[in-house]
Amino acid sequence: MIPRIYEGQTVHVVAGGPSLAGFDFSRLNDRAVIAVNRTFEVMPAAQVLYWSDARFFRSWRREIIRHPAPWKASLDLDYQAEELVPPEIHLYRCTGRAGFDPDPASLRHGNNSAYAAMHLAVHLGARRIILLGVDMRFSPEGRSHFHEGYGMLPVDFAKSMLPHFRTLVKPLASFGVEVINASPASALKLWPRMSIDEALAA
């Protein structure tokens, strides 16, 4: 059974955007947090870890398993039949790219893990979502992440990721879920943007 561990809470979806360079992640220690991809490395108190693909899990398997988060989740994509996925890893059924699947055992991926993590937050009971590090753009210095990234080719945020977020607007609104983007310079402009300090005080 999929738990609603965040029932009625404000959930902080923390991604890897460059706007989090220098951020004191301990400010989130007492808050509800979904750590997206490599942000788990700087968030030992996160209750939920989320990543979308098996390749990420293969690269950070040992560190993910050691992390004390009680809920660790991914999509059921790309895992090979012979791979032994530990029972503490919850694989959600991927039912497409865009939109929202109301089935609590399913997620849409939006071509990026932050999108899927927002979807997951709703399944876990969130009533407000605060996005941190969801910049969807490169920094003026050309950085795509606050960390060293993934050693992959640069992504095209505008074409491959941003358009899909629009398909979350109506579903989240229909559930009464408020979204705040705590990255004022974010290219994601579908929800109110404000500074991290303002968002954490809201």
Between Leu84 and Glu198, what length comes free when the chain is fully extended (0.36 nm per residue of separation minus the Cα-Cα distance, one decimal in nm)?
-> 36.7 nm
Sparse-neighbourhood loop hits (GluC sites (Glu not before Pro), region 1-76; DSSP loop; Cβ within 10 Å at most 11 others) -> Glu7
What's the extension gain from Leu91 to Ala173 if we count 0.36 nm per residue and subtract their Cα-Cα distance?
-> 26.9 nm
Roughly how many Å² of Met43 are accessible to a 1.4 Å probe, to the nearest 10?
-> 10 Å²
Taking only protein heavy atoms and a 1.4 Å probe, the highest-to-lowest accessible-area order of Glu141, Glu198, Glu178 is Glu141, Glu198, Glu178
Run the 1.4 Å probe and let me know the accessible area of Arg128, rounded to the nearest 10 Å².
-> 60 Å²
In nm², the average projected area of the convex hull spanned by the Cα atoms of region 38-114 is 5.2 nm²
State, to one decimal in nm², a quarter of the convex hull surface area for the C-alpha atoms of the chain, i.e. the direction-averaged projected area.
-> 10.6 nm²
Rank these residues by their accessible area, most exposed first, probe 1.4 Å: Ile89, Ile5.
-> Ile5, Ile89
Where only protein heavy atoms count, and the probe is 1.4 Å, what is the accessible area per residue for the chain in Å²?
-> 47 Å²
What FRET efficiency comes out for the pair Arg27/Asp53, r = Cβ-Cβ distance, R0 = 25 Å, nearest 0.05?
-> 0.30
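The values are calculated or read from the model by the stated rules, or taken from the named source; none is laboratory data. Bear in mind that the values here come from a model prediction, so they are computed numbers and not experimental data. So basically every Cβ, Gly included, is an ideal-geometry build from the backbone, and we count neighbours across all protein chains shown. Heads up: the accessible areas ignore ligands, DNA and RNA and are worked out on the full protein's heavy atoms, side chains in. Shrake-Rupley method; radii C 1.70, N 1.55, O 1.52, S 1.80 Å.
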